[in-house]
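Pasting a structure below so you can have a look.
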Amino acid sequence: TTLAASDFEKLQVLGHGNGGTVYKVREKRTSNIYALKVVHGDSDSDVRRQILREISILRRTDSPHIVKCHGVFEKPCGDIAILMEYMDEGTLDNLIKNQSKNINMNEELIAKIAKQVLQGLDHLHAHKIVHRDIKPSNLLVNKDVIVKISDFGVSKMMCRTLDPCNSYVGTCAYMSPERFDPETYGTGGGNYNGYAADIWSLGLTLLELYMGHFPLLPQGQRPDWATLMCAICFGDRPSLPDSVSEEFRSFIECCLQKDSSKRLSASDLLLHPFVKDVDYSVS
Ligand code: ATP
Ligand code: MG
């Protein structure tokens, strides 16, 4: 069966992104709820390229920790829409902002989140896909605290040729130090490997969940690009409070190694004591 926009009723806007809008929709026939990401037909070619890349990545991935795509359709006006599973708790970013509403952040919960994102990343990396924009607002959660990676707009398929013009993608704040270095990133030179950059971004994301604010800068600071780059490349590793466990401290250190060749891979990190025996399954 082919999908059509008229099969769905828009219930509300869930979010606006770069070039598109995500709606909560109900399928008229089944009453099933989905998220529908729509990119306008008149968007510029970058935006269209991004959504097409996102579609091809969602089609080639199948993991409980990557958002599921149920179909794609194009409206007569040229809009492109992706039908995705609806994640009812929104993003980890919401979770940071409304802490304690339903869910209280603690190490145990962070370990559950870490393990799930690592499983999603391990799957992506095994398929030679680098996400390149891992951050709280691209990780979706549902009521059972199942976490899924979403938003593949700037992801990269490593099997394709490297495109040096396309190297500054993603959100600056979560970018790893090597991504600011033209010698190693995007040019295919040096020992750059894009997979390690996703691990850095995961480390920062988990630290932000714990601290409640972006970890590399004082709370409340809205920095310019240069300040951010200095903090990432030259700043000290963010200090964790004395109260954190040795396992959590060590896990974060493994993710936030400035030298990308010393950072552990997703599959190695899944064996780390902080997450190894964690059970996140729904009880
Ligand atoms: P950005 O450039 O801000 O990252 P984007 O264009 O890449 O945005 P998405 O991140 O895919 O768009 O989606 C924008 C917002 O819509 C998300 O931050 C989230 O709040 C909401 N959203 C996206 N997908 C879903 C989903 N499957 N279930 C629930 N909410 C979703
Ligand atoms: Mg996003």
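The values are calculated or read from the model by the stated rules, or taken from the named source; none is laboratory data. In this text, all values refer to a predicted model and were calculated from it rather than measured experimentally. Cβ: placed from backbone, ideal geometry, glycine included. Neighbour counts: every protein chain shown.
Within segment 93-113, is there a residue that is near ligand 1 (Cβ under 10 Å from one of its atoms) and assigned to a helix (DSSP H, G or I)?
Among the residues of segment 93-113, at least one is near ligand 1 (Cβ under 10 Å from one of its atoms) and assigned to a helix (DSSP H, G or I), which makes the answer yes.
Failed condition for L14, given (1) within 16 Å of ligand 2 (Cβ to nearest atom); (2) assigned to a loop (DSSP other than H, G, I, E, B); (3) not charged (D, E, K, R), with all others met?
(2)
Find the residue count for segment 136-156, including only residues that are within 10 Å of ligand 2 (Cβ to nearest atom) and on the phi > 0 side of the Ramachandran plot.
Looking only at that region, the number is 1.
Moving on. For residues in segment 145-160 being in contact with a Phe, Trp or Tyr (Cβ under 9 Å, 6 or more places away or on another chain) and either not β-branched (V, I, T) or not in a strand (DSSP E or B) (or both), which is nearest to ligand 1 (Cβ to nearest atom)? Give the derivation first.
Residues of segment 145-160 in contact with a Phe, Trp or Tyr (Cβ under 9 Å, 6 or more places away or on another chain): 145-147, 158.
So of that shortlist, the ones also either not β-branched (V, I, T) or not in a strand (DSSP E or B) (or both) come out as 145-146, 158.
Values: V145: 15, I146: 12, M158: 20 Å.
My answer is I146.
Restricting attention to segment 61-77, does a residue exist that is of a type in the set (S, T, Y), buried (at least 16 other Cβ atoms within 10 Å of the Cβ), over 16 Å from F152 (Cα atoms) and more than 16 Å from ligand 2 (Cβ to nearest atom)?
Scanning segment 61-77, I find no residue that is of a type in the set (S, T, Y), buried (at least 16 other Cβ atoms within 10 Å of the Cβ), over 16 Å from F152 (Cα atoms) and more than 16 Å from ligand 2 (Cβ to nearest atom), so the answer is no.
Moving on to the next point. Could you grab me the full set of residues in segment 2-32 that are under 25 Å from the mean Cα position of the chain (by Cα), β-branched (V, I, T) and more than 9 Å from ligand 1 (Cβ to nearest atom)?
The answer is V25, and nothing else.
For segment 4-38, give me each residue that is modelled with pLDDT of 95 or more, of a type in the set (A, V, I, L, M) and surrounded by fewer than 16 Cβ atoms within 10 Å (Cβ to Cβ).
Across segment 4-38, the qualifying residues are L11, V13, I33.
Out of (1) within 11 Å of ligand 1 (Cβ to nearest atom); (2) under 20 Å from K148 (Cβ atoms); (3) modelled with pLDDT under 95, what's the single condition that is false for G71?
That leaves (1) as the condition not met.
Here's a follow-up. Kindly indicate whether L52 is surrounded by fewer than 18 Cβ atoms within 10 Å (Cβ to Cβ) and in a strand (DSSP E or B).
No, not satisfied.
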